[in-house]
Amino acid sequence: MSEPQPAPDPRGAAPGPRRMKPAQLLFEPPEATADPEHFFDLESIEDPRELLGRATELTLAFRAAADRATEFQALAAAQLADPSRFDRMPLATLAEQAEWTEDYAQKMIEFGRSLMRSSSALPGESD
């Protein structure tokens, strides 16, 4: 298993989509997750600098994972709402299944469509 890389300086980070490789998220053994005080072994780190570094890495990794999962949600929503599908899902049903409002579901469908367009664009082209 490789050592995690240091977290980037958030003060110098440029705004926009993150495409960095997040720290590896390791699954904890079931007996460790049964203890509510146990969280990725952070409670065993005594050096505050090391704790801050590892906690920051985990924070960035979880954010990157959440961003990526949101992109997949948007892609799925756009596909399910595609008018060319014979089994297209109505907006209200999609919103209910994803536990979104209909307004948010519509925004996610639009986001998913933009992701699909950008992934099918030729290099050098833009929307």
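Listing for the model above:
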quantity	calculated
Relative packing of 38-45, 58-65, which averages over residues the other C-beta atoms within 10 Å, highest first	58-65, 38-45
Residues whose placed amide H lies under 5 Å from that of MET89, excluding near-sequence neighbours	ALA81, ASP82
Rounded to whole Hz, the Karplus (6.51, -1.76, 1.60) HN-Hα couplings of the range 52-65, x for glycine and proline	4, x, 5, 5, 5, 4, 5, 4, 5, 5, 5, 4, 4, 5
Estimated vicinal HN-Hα couplings, Hz - the range 108-115 in sequence order (Karplus 6.51, -1.76, 1.60; Gly, Pro = x)	5, 4, 4, 4, x, 5, 5, 5
Convex hull volume per residue in cubic angstrom - Cα atoms of the range 45-127	141
Per-residue ³J(HN,Hα) for the range 96-101, Karplus 6.51 cos²θ - 1.76 cosθ + 1.60, θ = phi - 60°, Hz, x for Gly and Pro	5, 5, 8, 6, 10, 7
Label-to-label distance, nm, for residues given as PHE39 and PHE72 (7 Å Cα→Cβ offset)	2.3
Surface accessible to a 1.4 Å probe, per residue, for the residues of the range 48-126, Å²	69
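The values are calculated or read from the model by the stated rules, or taken from the named source; none is laboratory data. What you see is a predicted model; the values in this text were computed from it and never measured. Glycine also receives a Cβ, built like all others from the backbone with ideal geometry; neighbour counts cover every protein chain displayed. Heads up: the accessible areas ignore ligands, DNA and RNA and are worked out on the full protein's heavy atoms, side chains in. Shrake-Rupley method; radii C 1.70, N 1.55, O 1.52, S 1.80 Å.
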